[in-house]
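What follows is a single structure, written as structure tokens, with notes after it.
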Amino acid sequence: MLRTAERACLVMADVSGYTDYLTGSELEHAQDVLADLFETVIGALRPVLRLAKLEGDAAFAYALEAKIDGSMLLDTIERCYFAFQRRLRNIGQATTCPCNACMLIPNLNLKFVVHHGEFVRQRIVGREELAGTDVILVHRLLKNTVGDAFGVNGYALFTAACVEAMGIDPAALNMREHREAYEHIGKVRVYVHDLEARWAHEREHRRVTVEPDNVEASYDVVLPAPTAVAWEYITDPQKRMRWQVGTDRVDQFVAGGRRGVGTTNHCVHGHDAVVEEILDWRPFDYFTEQSQIPHFGPMRFMWQLTSIDEGTLLQIRVEKFKNRKQREQWPVVGPQMTATMEPWFARLGEILREEMASREPDTTPIEKQELHTHGA
């Protein structure tokens with residue numbers, strides 16, 4: 001029986017420096033450290049990406065074509081890299097152990113290979129495996145010349161097929177074009193996204209928040225989905241149109257095919273439009289925006305998402321008004337805004353319940369496997 005080919009974004013997350021770390025460390029302790037790091041990586045990739053398989057020093061994951069866009073893909077990969085680096089830092093700060101397994105932790109890094117193509121599902125020894133030429137390619141690309149060419153160890157390598165399918169503009173995002181060549185495959189055009197530089201920017205970038213002691217009003221909503229899924233439905237303009245009742249359209253203006261600081265949204269309601277500008281963007285934790293409200297003026301909102309047992313706690317904080325006229329108008333405008341938002345989030349809750357019910361659960365276990373390597 002012929003199996004149906006599916007199109008997806010295919011992702012390999014590979015721990016760089018794994019071989020040197022393993023051969024230079026005490027095996028038992030090294031395995032515990034690596035298992036901890038892999039749990040961090042897989043936890044950050046889920047549920048946007050589905051884990052296909054753990055392969056020693058790498059995790060193979062994917063997202064079906066209709067389930068992800070370029071912005072969510074980039075956010076997920078960067079968030080995973082940041083979580084990995086924070087975990088390395090925290091392990092290093094929390095231990096006084098003098099063993100090599102602890103001393104060599106700073107030598108580890110994380111790289112990604114991202115491709116877009118076809119695969120078929122196979123059952124092998126009772127386990128699902130993905131197969132096809134594009135699956136082979138994404139694995140082959142793990143052995144590449146990026147480190148030698150650009151002097152970077154933490155990076156995401158995107159194939160040209162991926163950036164085209166995901167609508168990513170490599171030049172606008174400062175990705176560097178490169179070529180790799182493989183026997184039986186030929187030359188492959190790729191783009192290198194420097195995650196080490198993005199991590200440095202993440203640590204240095206000023207945070208813009210609305211703190212609890214500077215709040216004019218706040219709204220709490222429980223959403224029945226993980227934070228990454230809730231984030232996507234709140235920030236993707238096409239998905240917003242499904243639950244933002246009374247909105248005619250949301251026009252989004254982004255740089256490089258991804259949402260983030262500087263992105264503007266024009267939410268059109270009849271003859272009026274609310275103009276939103278993103279001031280801070282921390283997927284999938286919070287974002288802060290400045291909104292220009294017709295007939296009222298500027299408002300600053302912070303949307304914070306927290307994982308809870310029921311799914312996600314969404315807290316929306318409105319910054320205190322400095323303008324006297326706005327403070328005087330708020331007793332009228334505030335209840336109107338609440339009345340507008342209540343049906344929005346009731347509808348969003350319904351959509352998220354439907355979305356989660358339609359998703360095939362990702363039950364691929366994170367197991368301690370025999371340690372082997374693809375290469376450093």
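Quick note: the coordinates plus some simple rules give every number you see, no bench work behind them. Just so it is clear, the model here is predicted, and its values are computed rather than measured. When we count neighbours, we look across all protein chains shown, and the Cβ atoms used for this are built from the backbone with ideal geometry, even at glycine.
Would you mind computing the Rg to Rh ratio of the range 148-286 from its alpha-carbon coordinates, Kirkwood style for Rh? Write down the numbers at each step before the final one.
Numbers: Rg = 19.1 Å, Rh = 18.2 Å.
In the range 148-286, Rg relative to Rh is 1.05.
Quick check for you: which residues of the range 282-311 have the amide N under 17 Å from the point 7 Å beyond the Cα of VAL332 toward its beta carbon?
Flagged as within label range: 293-298.
Which order results if ILE91, ILE293 are arranged by neighbouring Cβ count within 10 Å, fewest first? If you can, show how the numbers build up before the last one.
Numbers: ILE91 18, ILE293 15.
The fewest-first ordering by Cβ neighbours comes to ILE293, ILE91.
Which one of ARG240, ARG359, ARG140 has the biggest mean-square fluctuation once the chain is modelled by GNM with Cα springs under 10 Å?
In the Gaussian network model the winner is ARG359.
If eta is 1.306 mPa s and T is 10 °C, what Stokes-Einstein diffusion coefficient results for the range 6-203, Kirkwood Rh from Cα pairs, in µm²/s?
Numbers: Rh = 17.4 Å.
Answer, rounded: 91 µm²/s.
Rank these for me by crowding, MET302, MET341, going from fewest to most other beta carbons within 10 Å. Display every interim value, and only then the final one.
Working: MET302 22, MET341 15.
Taking fewest neighbouring Cβ atoms as first place, the list is MET341, MET302.
Can you flag which of LYS67/LYS187; LYS53/LYS143; LYS53/LYS239; LYS67/LYS143; LYS143/LYS187 are past 22 Å Cα-Cα?
Where the Cα-Cα span goes over 22 Å, the pairs concerned are LYS67/LYS187; LYS53/LYS239; LYS67/LYS143.
What residues qualify as long-range amide H neighbours of GLY257, i.e. H under 5 Å apart, gap of 5 or more or another chain, H built at 1.01 Å from N?
Long-range HN contacts for GLY257: ASP169.
Mind checking which of THR227, ASN323, GLY349 is farthest towards the positive end of the chain's charge dipole, using Cβ charges of +1 (Lys, Arg) and -1 (Asp, Glu) about the Cα centre?
Value computed over the given set: ASN323.
What area, in nm² and to one decimal, does the C-alpha convex hull of the range 130-215 cast on average over all directions?
Directional mean of the projected Cα hull area for the range 130-215 stands at 8.8 nm².
To two decimal places, what compactness ratio does the range 208-358 give when its Cα radius of gyration is scaled by 2.2 N^0.38 Å? It would help to have the intermediate numbers written out before the result.
Working: Rg = 15.0 Å, N = 151, 2.2 N^0.38 = 14.8 Å.
Here the Cα radius of gyration is 1.01 times the empirical estimate.
In the range 101-174, what percentage of the DSSP-assigned beta bridges are antiparallel, given to the nearest 5?
60 percent
Given only helices, namely DSSP H runs of n ≥ 4 each adding -39500 (n - 2.57), what is the per-residue ellipticity at 222 nm of the chain, to the nearest 500 deg cm²/dmol? If you can, show how the numbers build up before the last one.
Details: 11 runs with 135 residues, N = 376.
It comes out at -11000 deg cm²/dmol, rounded to the nearest 500.
From the P(r) of the range 27-67, could you give the percentage of C-alpha pairs in the tail past 17 Å?
Numbers: 287 of 820 pairs.
I get 35 percent for the Cα pairs in the range 27-67 exceeding 17 Å.
Angle, helix 195-204 long axis vs. longest principal axis of the chain, Cα atoms, 0 to 90°, nearest 10?
Helix 195-204 sits roughly 40 degrees off the main axis of the chain.
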